[in-house]
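Reading through the structure tokens given below for one structure.
The values are calculated or read from the model by the stated rules, or taken from the named source; none is laboratory data. Computed from a predicted structure; not experimentally measured. Positions of Cβ are generated from backbone atoms using ideal geometry, with glycine treated the same way; all protein chains shown enter the neighbour counts. Surface areas here come from the heavy atoms of the whole protein model, side chains and all, with no ligands, DNA or RNA. Shrake-Rupley method; radii C 1.70, N 1.55, O 1.52, S 1.80 Å.
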Amino acid sequence: MKIADKYVPGDIEGKWYDYWISGGYFHSEPDSRPAYTVVIPPPNVTGMLHMGHMLNNTLQDVMVRRARMSGMNACWVPGTDHASIATEAKVVAKLKEQGIEKSSLTREEFLKHAWQWKEEHGGIILKQLRRLGASCDWDRTAFTMDEIRSASVIRVFVDLYNKGLIYRGVRMVNWDPAAQTALSDEEVVFRETHSKLYYLRYNLIEGDGYLVVATTRPETILGDVALCVNPNDPRYKHVVGHAVRVPLVGRTIPVIADEYVDMEFGTGVLKVTPAHDVNDYMIGEKYNLEVIDIFNPDGTINGKVGMYEGMDRFAVRKQIEQDLAEAGLLDRTEAYTNNVGFSERTHVPIEPKLSMQWFLKMGELAGPALDAVMNDDIKFVPAKFKNTYRHWMENIKDWCISRQLWWGHRIPAWYLPEGGYVVAETVDEALELARKKGGEGLQLSDLRQDEDVLDTWFSSWLWPISLFDGIMNPGNPEIKYYYPTNDLVTAPDIIFFWVARMIMAGCEYMHEKPFRSVYFTGIVRDKLGRKMSKSLGNSPDPLDLIDRYGADGVRVAMLLCSAAGNDIMFDEAMCEQGRNFGNKIWNAFRLVNSWNIDENKEQEESSRLAVEWFGNLLDRTLVQVDADFASYRISDALMTIYKLFWDEFSGWYLEMVKPAYGSPIDGKTLAQTKMFFDKLLKMLHPFMPFVTEELWHGLKERADDESITISDMPVGGSYDENLLARFELVKETVTAIRNIRQQKNIPNKEQLKLKVICDENFCEVYNPVLVKMANLSEVECVSEKDPAAPSFIVKTTEYFVPLEGMVDVETELRKLNDELTYLEGFLASVMKKLSNERFVANAPQKVVETEYAKRNDAEAKIKAIRERIAALK
RNA sequence: GGGAGUAUAGCUCAGCUGGUUCAGAGCAUCUGCCUUACAAGCAGAGGGUCCGGGGUUCGAAUCCCUGUGCUCCCACCA
């Protein structure tokens, strides 16, 4: 295959993705190989690809591609999430643009619009993932509201209900007045808010005294039913049992006493509003107080009290402040900072509200799920998240699973005309149950299905099971083969929403963990450390980056700065580095590809040595990379290969085997070089799938169904550590000679002579390499120093580069003296250790021995330098 | 208010069980080079109070205490 002269990522990437798809390389069916399964954290169906997705999916793809090449049956299942609140909000907004109010539509009409929206905008994100190179099994693409997944959700709901784990009840919930639905505790985010503390006067009914109450929410006086003080508070003992008048409202309410009240806070008097505060609700229950709900679902005031009706909660606050002041009932206000809960989705302040909701008891489910993580049956990477997980699991609260929305899985509960309800998977079953409960005469039309849908996470928590139909069809061959999955890659902010709940569902429905390990990525930030967000406008468009740097380049960029669990500071410059690396690989290929072969030519000794060395180095690197992957150090693995390719292979190996300009290369060396190239491409492929596939096809003729994606990942073998160490000395020698060239301004073309005082650290076997890499005419073993020649020492070996009249004695002496000073200091520190009896006595034998070795080396070097200085003088 | 993490070169980060991998890597910077694959490159070089202060030890970037900075999670104080 012909390779273009210039590396232009855009020109090759699309082509290969199509090739992979038509070859079916990403499709998986159960077979005799071990399975390697990854389920994608399903993105919102109408979402757009952002940098977080890029990081997350690049990591998954690297792991999946590597597994696929390592003899495993890799299966990466993609899909999308219906994202109840987010999607419904988008559809409502869209309809509003068209002049349609949600309230004017029936449920069926609205859902029709929603599905239409989903068909139009849904799954764009999955197409975008293809640009990235994600090797998902697209034949398995799922959606949390498709047939199997929906049926699974309903079955699990009915099952949990029948087990007594799901119940319905009136509770104080987090109410989102914008979406007009209840939220789970996890969907509420607390933010520090600057507000005011209002001090209100409650006049006593008897006499003309008053009590002052501090509150942040004066509008809730409409729902006040009592004042409460601490029974031990001497200031207020005399008023307990008396009555006061609610400011403006005029209602008479009692003053009660309860130790819950903190005497230190505010004035030590608490107003009790059971409908609009969780703690007040508990006090209300305890003292059997009335509950006055003053809000409509949208956060406006209702007609119960007959004041401020229809006004928004925040407008009322302002109005009431003014009215209180005018009535002389506002004692004072002061600035105050407190934490206010906001809706994670709609970003409006949450209203604690009493309402009838469905809940799932979590206590029993949490036990086994906690154990699985704490005993490392499920491995968290990094492990620090185990703490977070444990804390949440040990303090878990019941999960509010109902949402007052239409887009989602409708709760399979049907109400009977005479009260009561039944829970069943289908309406027919419901009718059957209903007849048993409420009489044989009941008809379908008598049943009324619950209006609410389930929390989105109530479907996602089944994802690793429902993707393989393990709920509806337990024990089927697919679930048996693919479950438990291997690695889950996700962000730590959904550890409770998703990870914890999947583990609970796995333990409950499979009696087995859903995945073997969880890799937590960091949050992608910009280079200033700010979270990337739409509103800041600091998030680059991933597709734009791909257009400019290629998917391979962006993938490398993401990975280079992504230690697990650490936030990643994304800098576009990293993309440039990634693209440059692709370019490097490309050009190395072009060089190898340009060589003409002469089958009759003997292999040069320098080439033979180069092949021997690089083969060992490759083995060592493969072992290293294996270890990196085993401990999820993906970024390190890439850097290891990066340096292997750029520095060792391109910088050293290729230069060593490169034939002289215009001459051909021997067959043996070329074959071995191409073999190395093949292995390097395979090692790089999980990280940079496109450029490696292109060049792999360029390496030799391939059959139509061949692809690097399904080739075998090379495995590391044994290697000669000593050989590698010796070679490092050769490289040091070459570098030293290059330095002399640079200092003396000697062009590379000019050949130099090298004299060596051979000792045990000099290995003349490598002379051919020295000759080639440093452009030497000869390497001569001598016993006499050459005071007239520039010299250097590698380890303990002295080298001289004879140059006619080019020695600058001054500079040479200064250099030598500098080195001498350093070595003498070094020796002194070693001697200090060795003369310390306690060190010699207490330190391990090995450590002491290395100190002696250091001393001997240093002494030898010092001696050599002294001699040289003497000779120069 | 409770808990966790983190602080190492200009930047992003390695440094695992204290000791030749102990002060490292990549990028950036500086100095030479259009050397016949690559200037998206090649050859070199410089750069650090390992956050401050104590301690343990023969020996501390590493362990302990303490202070400071940053980050995150959890929590109803009106």
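Structure notes:
- Using a Förster distance of 25 Å, the FRET efficiency for residue A:141-residue A:102 (Cβ separation, nearest 0.05): 0.30
- Counting DSSP beta bridges with both ends in chain A, the antiparallel % (nearest 5): 70
- Loop-located GluC sites (Glu not before Pro) in the range A:736-818, at most 14 other Cβ atoms within 10 Å (DSSP): A:750, A:760, A:784, A:804
- Legend: calculated FRET efficiency, residue A:811 to residue A:541, from the Cβ-Cβ distance at R0 = 56 Å, rounded to 0.05, equals 0.50.
- Entry note, chain A: the mean residue ellipticity at 222 nm calculated from DSSP H runs of n ≥ 4, each adding -39500 (n - 2.57), is -13500 deg cm²/dmol after division by the residues and rounding to the nearest 500.
- Axis angle, to the nearest 10 degrees, between helix A:721-744 and the longest C-alpha principal axis of chain A: 70 degrees.
- Remark: relative contact order (chain A) = 13 percent; criterion is Cα-Cα distance under 8 angstrom and separation of 6 or more residues.
- Helix A:667-684 axis, angle to chain A major axis (alpha carbon atoms, nearest 10°): 20
- Counting protein heavy atoms only, the range A:461-513 has 53 percent of its accessible area on carbon and sulfur, 1.4 angstrom probe.
- Residues with amide H under 5 Å from that of residue A:350, placed H, sequence gap 5 or more: A:341, A:342, A:343
- Remark: the range A:785-867 carries a charge dipole of roughly 540 debye about the Cα centre, counting +1 on each Lys and Arg Cβ and -1 on each Asp and Glu Cβ.
- Additional length obtainable on full extension of the chain from residue A:196 to residue A:22, 0.36 nm per residue less Cα span: 56.2 nm
- Lysine pairs in the range A:315-450 whose alpha-carbon atoms fall under 22 angstrom of each other, counting only those eight or more residues apart or on distinct chains, come to 5.
- When the solvent-accessible area of the range A:672-735 is split by element, carbon and sulfur atoms take up 47 percent of it, the probe being 1.4 Å.
- Extending 7 Å from the Cα toward the beta-carbon at both residue A:480 and residue A:5 defines two label points whose distance is 6.1 nm.
- With 28 Å as the limit on Cα-Cα distance, the pairs of A:749/A:785; A:2/A:584; A:643/A:795; A:15/A:527; A:15/A:531 that go past it are A:15/A:527; A:15/A:531.
- Length released on extending from residue A:291 to residue A:605, taking residue separation times 0.36 nm less the Cα-Cα span: 103.6 nm
- Solvent exposure of chain A amounts to 45 Å² per residue of accessible area, where only protein heavy atoms count and the probe is 1.4 Å.
- Fraction in percent of alpha-carbon pairs per bin - 5 Å, the range A:188-292: 2, 13, 24, 26, 21, 9, 4, 1, 0, 0
- Chain A, dipole about Cα centre (Lys/Arg Cβ +1, Asp/Glu Cβ -1), debye to the nearest 20: 1240
- Rounded tilt (10° steps) of A:147-162 against the dominant C-alpha axis of chain A: 60
- Across the accessible surface of the range A:214-311, with the other protein chains kept in place and a 1.4 Å probe, carbon and sulfur atoms take up 51 percent.
- Residue A:124 versus residue A:829: modelled label distance in nm, points set 7 Å from Cα along the beta carbon direction: 6.0
- Ranking A:734, A:761, A:645 by Cα position along the charge dipole of the range A:645-786, where only Lys, Arg, Asp and Glu carry charges on their C-beta atoms, puts A:734 farthest toward the positive end.
- Over every Cα atom in chain A, the radius of gyration and the widest Cα-Cα span, Dmax, amount to 37.3, 121 Å.
- Overall, the range A:413-471 carries a charge dipole of about 140 debye about its Cα centre when +1 sits on the Cβ of Lys and Arg and -1 on the Cβ of Asp and Glu, all other atoms neutral.
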